[in-house]
Amino acid sequence: MRKKIIAGNWKMNTNMQEALALASEVIHIAQDEVPSSVTLIMSTPFIYLNTIKKLISEGKNIYVGAQNCHTETSGAFTGEISAPMLQSIGIEYVIVGHSERREYFQENNAQLAKKVDLLISYGMIPIFCCGESLDIRKAGTHLEFVKNQLTESLFHLSAQDFEKIVIAYEPIWAIGTGETASSAQAQEMHQALRNHIADKYTKIVADKISILYGGSMKPNNAAELLAEADVDGGLIGGASLKSREFIDIAKSYPG
Ligand code: PEP
């Protein structure tokens, strides 16, 4: 059984008061409504991580996650946050390679490979984002493009380390646009990625990897997406800023 994961990406939103209120609501409602088989992650801005982490009681399947880390462990990189810093406050999940980081901060596959290595070496779980632009999808080369993102950033890992990765497929044209990939489009990509992983690492390894879908996932489309055989969860932007919507998505698994 693969891990079911619903991860919120708060991006650069909320002030401290709003962040505390949102996290408290999610924790409170999740306790009554979200089955313990679903892992919930709130990827908050760095400055709230430590405070929000303390709101979560031991043993709950809820985590705070970071949205990025630097490629180096320390040094003269003003304004940056490193993997060992995140580890030192007990962070377990870190998003890497979100398309906004790739676009606005020119992050490339080679840098992301370095971040993934660092996170694994410090005992954290990278949520590795991949996904194609609309132009690439229109050109019909999306499957090859996204498979190559995995090859270049992840396929240097040993099978043992690869099993620690969570993958988030996020078509760029669906992020924050209100336009979701259809469940068939998501399944096609997720299955292609799982086969790609199987070709490299064996089917046994591929079958263990949680592949999340991200891109305008909302309560009204989550059930259909999560019903697909290779869609194991969601990476949620906008809807993760509303506790009710975030929780409703986490309640949308079939059965
Ligand atoms: C995201 O930014 O990872 C995302 C999926 O955003 P949204 O849900 O708002 O499309």
Exercise. If you stretched the chain out fully between Thr177 and Ile47, how much longer would it get, using 0.36 nm times the residue separation minus the C-alpha to C-alpha distance?
Worked result: 44.1 nm
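What whole-number value in Å² describes the accessible area per residue of the chain for a 1.4 Å probe? Please report the intermediate quantities before stating the final value.
On the way: 11330 Å² over 255 residues.
Per-residue accessible area for the chain comes out at 44 Å².
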Exercise. Gap in Å between the Cα centre of segment 35-73 and the Cα centre of segment 167-229?
Worked result: 22 Å
Exercise. How far apart, in nm, are the 7 Å Cα→Cβ label points at Ala21 and Ala229?
Worked result: 4.5 nm
Problem set entry | Global size of segment 143-194 as Cα Rg and Dmax, reported in angstrom | 12.5, 37
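Using only C-alpha positions, report the orientation-averaged shadow area of the convex hull of segment 1-67, nm², one decimal. It would help to have the intermediate numbers written out before the result.
Details: hull surface 17.8 nm².
Projected area, direction-averaged: 4.5 nm².
Please give the per residue volume of the convex hull enclosing the alpha carbon atoms of the chain, rounded to a whole number of Å³. Write out the running numbers ahead of the final one.
Numbers: hull volume 30.7 nm³, N = 255.
That works out to 121 Å³ per residue.
Which entries of Lys53/Lys114; Lys11/Lys218; Lys60/Lys115; Lys11/Lys208; Lys114/Lys218 show an alpha-carbon separation above 21 angstrom in the structure shown?
Cα-Cα > 21 Å for Lys53/Lys114; Lys60/Lys115; Lys11/Lys208; Lys114/Lys218; rest within.
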Problem set entry | Largest to smallest principal axis extent of the C-alpha atoms in segment 54-122, angstrom | 37, 26, 21
For this session: Let me know the whole percent of all Cα-Cα pairs from segment 205-252 that are separated by more than 16 Å.
Result: 33 percent
For this session: For segment 133-175, with all protein chains present and a 1.4 Å probe, just round the carbon and sulfur fraction of the accessible area to a whole percent.
Result: 54 percent
Exercise. How much net charge surrounds Cys129 when only the other residues with a Cβ under 14 Å from the Cβ of Cys129 are counted, with Lys and Arg +1 and Asp and Glu -1?
Worked result: -2
Seminar exercise, completed: What the 10 Å binned alpha carbon P(r) of segment 163-228 shows, as percent of pairs per bin from 0, is 22, 50, 24, 4
Exercise. In the calculated pair distance distribution of segment 103-255, what percentage of Cα-Cα distances lie above 25 Å?
Worked result: 28 percent
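Hand me the GluC sites (Glu not before Pro) from segment 159-255 located in a DSSP loop with no more than 13 other Cβ atoms within 10 Å, in residue order please.
On the way: sites: Glu163, Glu179, Glu188, Glu224, Glu228, Glu245; in loops: Glu163, Glu179, Glu228.
Here the GluC sites (Glu not before Pro) that fit, given the DSSP loop and packing criteria, are Glu179.
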Problem set entry | Whole-Å semi-axes of the ellipsoid equivalent to segment 1-135 (Cα gyration tensor, √5λ, descending) | 25, 17, 15
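Kindly provide the helix-only [θ] at 222 nm of the chain, computed as the sum of -39,500 (n - 2.57) over DSSP H runs of four or more divided by all residues, to the nearest 500 deg cm²/dmol? Don't jump to the answer; show the numbers that get you there.
Numbers: 12 runs with 113 residues, N = 255.
Result for the chain, helices only: -12500 deg cm²/dmol.
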Seminar exercise, completed: With a 1.4 angstrom probe the carbon and sulfur portion of accessible area for segment 1-94, in percent, totals 52 percent
For this session: Would you mind classifying segment 84-162 by shape? Square roots of the alpha carbon gyration tensor eigenvalues, ordered a ≥ b ≥ c; an a/c under 1.5 is rounded, otherwise it is prolate if a/b is larger than b/c and oblate if not.
Result: prolate
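Hey, could you get me the Stokes-Einstein D for segment 1-40, Kirkwood radius over alpha-carbon pairs, 20 °C and 1.002 mPa s, rounded to whole µm² s⁻¹? Write out the running numbers ahead of the final one.
Working: Rh = 11.5 Å.
Using the Kirkwood radius from Cα pairs, D works out to 186 µm²/s.
The values are calculated or read from the model by the stated rules, or taken from the named source; none is laboratory data. What you are looking at is a predicted structure, and each value in this text was computed from that prediction instead of being measured. Cβ coordinates were reconstructed from backbone atoms using ideal geometry, including for glycine residues, and neighbour counts include every protein chain displayed. Surface areas here come from the heavy atoms of the whole protein model, side chains and all, with no ligands, DNA or RNA. Shrake-Rupley method; radii C 1.70, N 1.55, O 1.52, S 1.80 Å.
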